[in-house]
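The values are calculated or read from the model by the stated rules, or taken from the named source; none is laboratory data. This structure is a prediction, so every number in the text was calculated from the model and none was measured. FYI the Cβ positions are ideal-geometry reconstructions off the backbone, even for glycines, and counts take in every protein chain you see. Please note that ligands, DNA and RNA were not included when accessible areas were found on the heavy atoms of the full protein model with its side chains. Shrake-Rupley method; radii C 1.70, N 1.55, O 1.52, S 1.80 Å.
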Amino acid sequence: MSVHTVTHPSAVPATVHGRVGTPFWWALLILVGGLALPWSRQGVNVLAYDAARTGLWLLGQAWPVVTALVLAAALLFLGRQPLPSRTSGRVMLGLSTLGMALTVAQLFMRGEPFGLGAVVVFLGFLSIAGISLSYSGWLRVEPFAGAAILWLAVFIGVFILYPLGTMLATSVWVRGEFTLDVFRQTLRSPTFFLFENPWTEVSERRLAQWVGLAAGFAALAVQLVAHRRELGRHALRIAAWTLVSAACGYSLSALYTGFGALRNSVLLALSVGLVSTALGLSFALLAQRSRFPIRSLMGPFSTLSMITPPFVLGLAMIYMFGRQGLITNRLLGMNTTAFYGPLGVGVAQVLAFTPLAYLVLTGVVRSLDPAMEEAAQTLRASRWRLFHTVTWPLLRPGVANAFLLCVIESLADFGNPLILGGGVPFLPTEVFFAIEGRFNQNEAAVYGVILLFMTVGVFLLQHYWLRKASYVTVTGKPSSGHPSPLPGALEYPMVTAFVLWTLLGIMLYASVFSGSFVKLWGFNNTFTLEHYEALRTSGLGVFLDTARLAAIAAVPSALVGFLIAYVVGRLNFPGRSLLEFTSMLSFAVPGTVMGIGYVLAFNSGPLRLTGTELIIILAFVFRNMPVGIRSGLAALQQIDRSLEEASTTLRASNLTTLRRILFPLLVPAVISGLMFSFVRAMTAISQVIFLVTPSTNLATVLILSWVGHGSIGRGAALSCVLIAAMAVVVLLLNVVLHRTGRNAGRAITY
Amino acid sequence: MTERLPTGMGAPVKLEQVTKRYGSVVAVNGVSLEIPGQKMVTLLGPSGCGKTTTLRIIAGLESISAGRIFIGDREVTHQPASQRPITMVFQSYALFPHLNVFENVAYGLRNLRVSQAEIRTAVSEALALVGLAGLEGRLPSQLSGGQQQRVALARALVMRPQVLLLDEPLSNLDAKLRKQVRQELRALQQRLGITGIYVTHDQSEALAVSDVIVVMRDGVVQQVGTPEELYTRPANAFVARFIGDANLVEADVRGGQVWVKGYQVPDPPGHKAGGRRTLMIRPEAISIRPAGETAAGATGDPGAGTGLPGRVIDSFYQGMSAEYLVDTDAGQLMVIDTHLDGPVLPPGTPVTLTFAPRGMYLLPEGEGADLAAAAS
Ligand SMILES: Nc1ncnc2c1ncn2[C@@H]1O[C@H](COP(=O)(O)OP(=O)(O)OP(=O)(O)O)[C@@H](O)[C@H]1O
Ligand SMILES: [Mg+2]
């Protein structure tokens, strides 16, 4: 073991001399793509080749094309050095920025929708700009990271902020003029909200004032009694509570007595949020602290609710509780439409969102350390005091979180109100009807803006208020001690609720299943396969198309999501928090709003995408990206940063670290991110319902339109196919994750 | 940017007025340091004093708020970590869990695009060097803590860095293994001629492995020196107390003579400008005898017969030696009687203390007065 034998002195530096820099390759790509591919197009096929629109053809006529390609040639020359100086980085940055500007200018001058060539050229210049930002020393990150940041910024700007901005603009710009008329008209229309109802004798406004006053006084009284010892110190708090209670009383009364989409959506969201959270909390507590086998039952239900298109439960509700419903008509002999409207929508949503609340709350309930409760008990706390002073304060942030999540989901849900709404207006459906029924884009935009502001408001509340209030600590320390069992008085009602909920769920799914096998539910219940046979002519093709688009979209969704998670979670650069904020914000954008934004933003000019498959893919990507971000962030949190630092000190670039260290460790998360994106895209409806055309139809939209036109059986059949296919996907995913998870688990837990 | 990696010549490291702030926290405050090449240098200090931060600044893992950093004669202030001629052994080892031992060690060489054949020889030599030959195929999870530590070391050494950074590399090992590994580490560093920068808060570890120790406190360097210099000539009261045990007493310096409460101390080394000063005395350098007895063999000494009177408060029998806590006019002093040749003096015994010049040091002016006060 002699020392001087360790001689591999030929250790070559990281960047091998004689290799050309990355900008060179990008510039080459620009030149080749810019010359050979069409800069614009006529039809809806983004990939179409058109010799008369290639750069080669345009050389003689369009000066921006010529200049851009000359710039690319210059960059080809400059980018050859593997390690350019700061100055040359700055020059390259200038040239590439100019190149991007010229590309955009060319598109606008031509006025036609963009073609593949322009995309390649633009992204090429963008990459060079990012790389040179790093070379120039202005952005203290590696070239790869610089390019990634610019790509993400442009994508988020173009495909999230721009559509939302367009929607905002459309709500106040009518035929080129700024006006608040549409807002005013919409807000005043009874469809939106009717406060004073002329057909009732009482004045709703007066009533609301009384209720508000009463609520204020009640709150004041309670607060005065509670703080009677130190009135002075709590004066501000008391005043705030009084005012808030009065305002809440007033608004709730106004909403309750009023009419319209605002009222329906808000009341629905609040009640669905309350019920789902209560159920989710009960089930989570049961799963943790009762011998009742909740966990094994909740698992499949969470999965089912994830792979079910959002409106299928609505469809099932019709089977069970509709006019010809099995229960309402057959068993009870009623001919009722009570379940069309808020009640039916509410039940369907509670069924759909309870698993969500359950998932959020199991984490919280599980992290309650039993040792803490034992500690409280040794300090002579009674059971009620224990709950009041320890358990509840710890649960509260999680409960609020679950509640707000369910509120957002309910506000944004589109499918159930559409199927079960029974003509009662809700905010998301009004967006749809404004466009598809009343052909009024401006009004649709107004509804979209209102919906967006509400969900984003709730989201911000959740994000800032709760993040601070969260006590849940993930120590990873196995907690000893046994959680105390639930008191019987709590346990039995909870179990009953669970059994009822499960039965209802099973019944609904079973009804969709059997509904797909009978001629016409309620009228002619003879067994038939005709619905499935009918699928072969019309449904199956659409289903496969949907699967294809969803699969294509899954890759960029997961990729962009993980890239954002990486950039936000691991890199440090100016604008990071802005990027983080916007990408988080996209969690809260309802699909309907995204859809209307896309319709308005991409229907003309160089960015025209209407009618293409690309716009559907993009809608999938940017709607499902949050799933990728979330799982990316969660997975990154599990990886000790010193691994990356070790890699860095061993001469690895960020890209190498990402590729050789992070990626292999993230594989399970990436796989599940891919699958979830795929499943979500397959079951999506709200963001794409505006975007489909007869030639680019999607399974969910087709089901919805069949149900709308009375072909319920066929809709049920396609729903069953969809659910079954997704179940297979999720099962496969579990198998794959189990496989990789075993290896990874063995490797990681050391 | 990166040049050819050197073959075994550890480079000196220089920090110039380096400051690192985290918001309002100043983790490293205007640190200037010259770390000689091919030496083992320890950053030593209490928890939170900025050792790790300093190390990470040298590695390039933290950006700095102000200052400059040199490795060899090149400035690396703006070089990213991946281009500095350093490698690091992390406290958690940071082995890549999905790569086996061979691939972990080969990782850095692959980033340097070394040929496959060279990688194979270099890795097996590095593994042999740390005594892990034969374990190439194992995953980190299949290794013991000590073996993981060696893999981390081999992974860093195989790169033949100019500077090897170690952040409390032994803290996850048990006490016995720690002693063994630190000796091996020391031997390796000397044989390979690398500059080692070693972070620890354990002073015995620091004394055992270092050529030079840098003592830090609250983000500021207190003193740089060899273990012996730090022990015998601490720059201030903090260092005096941090390296070994120390008594700090107030002394008057008049005309080149040093007085502690009426006892003229035999000519201590240190800074002898006149005035009120702080005198450090190691407990072993104090001789203790019952009051009235004359020191044996002290005849002819001008200070013989005099001494600092006191009374034993507490005494501890230690076998070959005895430890006393003695109350004197100059405060409570800790005394270690290393050649115990009689019975241990019981508490309450009036005693006379005399100081030996070898274990004393007059601290520079203004250093440590606060600490002397804080200590009592
Ligand atoms: N990321 C950070 N953000 C804010 N403050 C930090 C951060 N990292 C370190 N600090 C602070 O900087 C100071 C120095 O930290 P450092 O980790 O260098 O201490 P240390 O000397 O290594 O301590 P220890 O021996 O406990 O490891 C501490 O006060 C610490 O709280
Ligand atoms: Mg430390």
message: Quick check: at a probe of 1.4 Å, how many percent of the accessible area of the protein assembly as shown sits on carbon and sulfur atoms?
response: 62 percent
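Per the Kirkwood treatment, what hydrodynamic radius in Å, one decimal, follows for the stretch B:1-83 from the mean inverse distance over all distinct Cα pairs?
13.4 Å
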field: Kirkwood-based Rg to Rh ratio, chain B, C-alpha trace
entry: 1.08
query: Quick one: which of B:LYS14/B:LYS176; B:LYS39/B:LYS176; B:LYS39/B:LYS179; B:LYS51/B:LYS176; B:LYS20/B:LYS51 span more than 23 angstrom between C-alpha atoms?
result: B:LYS14/B:LYS176; B:LYS39/B:LYS176; B:LYS51/B:LYS176
task: Would you mind classifying the stretch A:124-250 by shape? Square roots of the alpha carbon gyration tensor eigenvalues, ordered a ≥ b ≥ c; an a/c under 1.5 is rounded, otherwise it is prolate if a/b is larger than b/c and oblate if not.
output: oblate
- line: log10 I(q)/I(0) for the stretch A:200-258, Debye formula on C-alpha points only (no solvent), q = 0.19, 0.27, 0.30 Å⁻¹, two decimals, reads -0.63, -0.95, -1.08
message: If I fit a long axis through the Cα atoms of helix B:116-129 and take the longest principal axis of the Cα atoms of chain B, what angle between them do I get, 0 to 90°, rounded to 10?
response: 30 degrees
query: Going toward the positive end of the dipole of the stretch A:200-258, with +1 on Lys and Arg Cβ and -1 on Asp and Glu Cβ, which of A:TYR256, A:GLY216, A:HIS227 do you reach last?
result: A:HIS227
- line: From most to least accessible, 1.4 Å probe, no ligand or DNA/RNA atoms counted, A:PHE581, A:PHE178, B:PHE316 line up as A:PHE178, B:PHE316, A:PHE581
query: Using Cα atoms only, what is the angle between the long axis of helix B:101-111 and the major principal axis of chain B, expressed in degrees (0 to 90) to the nearest 10?
result: 80 degrees
Assigned charges on the beta-carbon of Lys, Arg, Asp, Glu; chain B dipole about Cα centre (debye): 1280 debye
field: Per residue solvent-accessible surface (Å²) - the stretch A:200-258, probe of 1.4 Å
entry: 69 Å²
field: Alpha-carbon Rg with Dmax, taken over the protein assembly as shown, Å
entry: 37.8, 128
- request: Using R₀ = 41 Å, calculate the FRET efficiency as 1/(1 + (r/R₀)^6) where r is the Cβ-Cβ separation of B:GLU184 and B:ALA117; round to 0.05.
  value: 0.90
- prompt: Using protein heavy atoms only (no ligands, DNA or RNA), what is the total accessible area buried between A and B, 1.4 Å probe, nearest 100 Å²?
  reply: 4200 Å²
message: If the only charges are +1 at each Lys and Arg Cβ and -1 at each Asp and Glu Cβ, what is the size of the charge dipole of chain A around the Cα centre, to the nearest 20 debye?
response: 1460 debye
field: Top of B:ALA235, B:ALA106, B:ALA117 by mean-square fluctuation, Gaussian network on chain B, Cα under 10 Å
entry: B:ALA117
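Counting only heavy atoms of the protein chains, get the accessible area per residue of the stretch B:19-75 (1.4 Å probe) and round it to a whole Å² value.
41 Å²
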statement: the stretch A:1-140: spread of alpha-carbon positions along the three principal axes, whole Å, largest first, is 73, 29, 24
message: Tell me which of A:LEU356, A:PRO664, B:ILE197 sits at the most positive position along the dipole axis of the protein assembly as shown, charges placed on C-beta atoms (Lys, Arg +1; Asp, Glu -1).
response: A:LEU356
query: Tell me, what is the per residue accessible area of the stretch A:534-657 in Å², probe radius 1.4 Å?
result: 33 Å²
field: Positions from the stretch B:119-155 whose accessible area shrinks by 40 Å² or more when the full protein complex is built, not the chain alone, probe 1.4 Å
entry: B:GLU125, B:LEU129, B:SER141
- prompt: Relative to the isolated chain, which residues of the stretch A:615-663 have their accessible area cut by 30 Å² or more in the presence of all protein chains (1.4 Å probe, heavy atoms, no ligands or nucleic acids)?
  reply: A:SER642, A:LEU643, A:GLU645, A:ALA646, A:THR648, A:THR649, A:LEU650, A:ARG651, A:ARG660, A:ILE661
query: When Cβ neighbours within 10 Å are restricted to other protein chains, what is their mean count per residue of peptide B:105-114?
result: 6
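Return the calculated 222 nm mean residue ellipticity for the protein assembly as shown, to the nearest 500 deg cm²/dmol, obtained by summing -39500 (n - 2.57) across DSSP H runs with n ≥ 4 and dividing by the residue count.
-17000 deg cm²/dmol
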